[in-house]
Amino acid sequence: MIFFTRVALVLLSFFVLVDPTIAQSRRASRDARPPVAPQESQIRDRLNAGTIGLAAGLLEGAPIHFATEIARVVNEGGDMQVLPIVTRGPTENVNDLLYLKGVDTAIINSDSLEEYKSQVPQIQQRIAYILSLFPSELHIFVRPEIKTVADLAGKKVNFNTQGTAAAYSGPLIFSRLGIDVDKTFIPHPVALEKMRHGDEIAAVVFVTSKPVDAFVKGKWEEGFKFLPVEFSPKFEDYYIPSYLDPADYPNLIAKDQRIATVAVPTILASYKWRPDSPRYRRVARFVELLFGRIDKLRSVGFDPKWKDVNLSTQVPGLERVPAAQEWLDRSTPKNQSARP
């Protein structure tokens, strides 16, 4: 028994002596790591303080194109860095703006908010708009035997593939019109061919900026046409009135005709950060640079639709980011760059 006690004391003494040595060795190893150079730390802090995450959309869509051009102009000079993010589309961008880390701004369709009303009842208090980018017009294109929108009740109407603006906004608009159709979601080129060669599909619905190549370049027999949708109070919360004109579709709309329709504003939005927060200050700086350089976006080499962007245009259903409204209040009387 005495022997085992002595052995235990020897082992205990050994670990007491060795443990500080191990600890010192570990500390020495940590101390041996090269410290982050002050200039590296400054670069890291500056990049994070001056970077805006912009949820854009699908690679093939117009929003990602607009986001890339915004970044091209705002990033000049290195004062700020805009990172356009490829996403699943303007409707999903609302989700990203609400919950995804690193997303400060997003391109969304105004009626995307409808889907989130049950999930976030006070969503208008969480999201604000910076500016209205462009309207996406409703195009209801039908076969000759269809005379009115009411004639589509119970018939097959194609809304393009899931994830597109037509697949979301189209059924929502038809619901507001009170017309129940047999909805299909196949690629529009396929649906248009089915319309051309038979009566399987009665109509296709596009929700996009006019003009649409399929109607400008395509040849259609007499009787194929666009149906009018009159703007009414049922559309006031998210939509704006618009028209399809002969200049848009000279082969389908007579010179003395004008087709009434509604349009979905596609907007640049921001999360409603607290005014005293670093992220709000980043958004405010982003607004200053974007609005101050809007004339560059209207110049040659950028999408021609920038010439139609009016910084003063209001968006139904949302408040404007305070920094954007302050810029307009301060700058519009002095120059007309806020107008197309």
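Quote the FRET efficiency, to the nearest 0.05, computed for residue 48 versus residue 185 with a Förster distance R0 of 56 Å and r equal to the Cβ-Cβ distance. After rounding, the FRET efficiency stands at 0.85.
Of all the accessible heavy-atom surface of the stretch 131-249, with the other protein chains kept in place and a 1.4 Å probe, what percent is carbon and sulfur? Taking all protein chains in place, the stretch 131-249 shows 54 percent carbon and sulfur surface.
Once both labels are positioned 7 Å from their Cα atoms along Cα-to-Cβ, the gap between residue 330 and residue 279 label points is 2.3 nm. Relative to the longest principal axis of the Cα atoms of the chain, helix 38-49 runs at roughly 30 degrees.
The share of Cα pairs per 10 Å bin across the chain, counted from zero up to the longest distance, runs 5, 21, 26, 18, 11, 5, 4, 4, 3, 2, 1, 0 percent. The shape of the stretch 45-91 comes out oblate: with a ≥ b ≥ c from the C-alpha gyration tensor, a/c is at least 1.5 while a/b does not beat b/c. Under 5 Å between amide hydrogens, built in the peptide plane, is the criterion, and for residue 131 it picks out 268 among residues at least 5 positions away or on other chains. Net charge in the neighbourhood of residue 73 (other residues with Cβ under 13 Å of its Cβ; Lys, Arg +1, Asp, Glu -1) is -2. One chain, two ends: residue 305 and residue 161. Fully extended at 0.36 nm per residue, the span grows by 49.4 nm beyond their Cα-Cα distance. Relative contact order of the chain: 20 percent, from C-alpha pairs under 8 Å at least 6 residues apart in sequence. Counting 0.36 nm for each residue step from residue 100 to residue 296 and taking away their Cα separation leaves a gain of 67.5 nm.
For residue 232 and residue 148, what does the FRET efficiency come to when R0 = 25 Å and r is the distance between their Cβ atoms, rounded to the nearest 0.05? After rounding, the FRET efficiency stands at 0.95. Length gained on full extension, residue 40 to residue 72, computed as 0.36 nm times the residue gap minus the Cα-Cα distance: 9.0 nm. Once you have a ≥ b ≥ c as the square roots of the Cα gyration tensor eigenvalues for the stretch 243-340, tell me rounded if a/c is under 1.5, and otherwise prolate or oblate according to whether a/b is larger than b/c. Since a/c reaches 1.5 and a/b is larger than b/c, the shape of the stretch 243-340 is classed as prolate. Evaluating 6.51 cos²θ - 1.76 cosθ + 1.60 at θ = phi - 60° for every residue in the stretch 269-280, the Karplus couplings come out as 10, 9, 5, 7, 5, 5, x, 8, 8, x, 5, 5 Hz, glycine and proline recorded as x. With every protein chain in place and a 1.4 angstrom probe, the accessible-area ranking of 161, 68, largest first, reads 68, 161. The listed peptides 311-319, 117-125, ordered by packing as a protection proxy, come out as 311-319, 117-125 (highest mean of other Cβ atoms within 10 Å first). Per residue, the stretch 226-340 exposes an accessible area of 51 Å² to a 1.4 Å probe, with every protein chain left in place. Going by alpha carbons, how many degrees (0 to 90, nearest 10) lie between the helix axis of 2-32 and the longest principal axis of the chain? Relative to the chain, helix 2-32 is tipped by roughly 50 degrees. The 3J(HN,Hα) values that the Karplus relation (6.51, -1.76, 1.60; θ = phi - 60°) gives for the stretch 296-311 are, in residue order, 5, 5, 8, 8, 4, x, 10, 4, x, 5, 4, 5, 8, 6, 10, 4 Hz. Gly and Pro appear as x. Taking the Cα centre of the stretch 184-326 as the origin and placing charges on Cβ (Lys, Arg +1; Asp, Glu -1), which of 232, 313, 192 is farthest toward the positive end of the dipole? It is 313, whose Cα lies furthest towards the positive end. Rounded to the nearest 10 degrees, the angle from helix 322-331 to the longest Cα principal axis of the chain is 60 degrees. Backbone amide hydrogens, once placed in the peptide plane, bring residue 82 within less than 5 Å of 52, 75, excluding anything fewer than 5 places away on its chain. Calculated over the stretch 184-267, the projected area of the Cα convex hull averaged across directions stands at 6.6 nm². Relative contact order for the stretch 199-298: 23 percent, from Cα pairs under 8 Å spaced at least 6 residues apart, divided by residue count.
Here the Karplus curve 6.51 cos²θ - 1.76 cosθ + 1.60, taken at θ = phi - 60°, turns the phi angles of the stretch 144-149 into couplings of x, 6, 8, 9, 9, 4 Hz, with x standing for Gly and Pro. In the chain, helical runs assigned H by DSSP with n ≥ 4 each contribute -39500 (n - 2.57); averaged across all residues and rounded to the nearest 500, the mean residue ellipticity at 222 nm is -11000 deg cm²/dmol. If R0 is taken as 25 Å, the Cβ-Cβ distance between residue 257 and residue 126 corresponds to a FRET efficiency of 0.05.
The values are calculated or read from the model by the stated rules, or taken from the named source; none is laboratory data. Remember, predicted model here, so these are calculated numbers, not experimental data. Reconstructed Cβ throughout: ideal geometry from the backbone, glycine too, with neighbour counts over all protein chains shown. Just the protein is used for accessible areas: all its heavy atoms, side chains included, with ligands, DNA and RNA removed. Shrake-Rupley method; radii C 1.70, N 1.55, O 1.52, S 1.80 Å.
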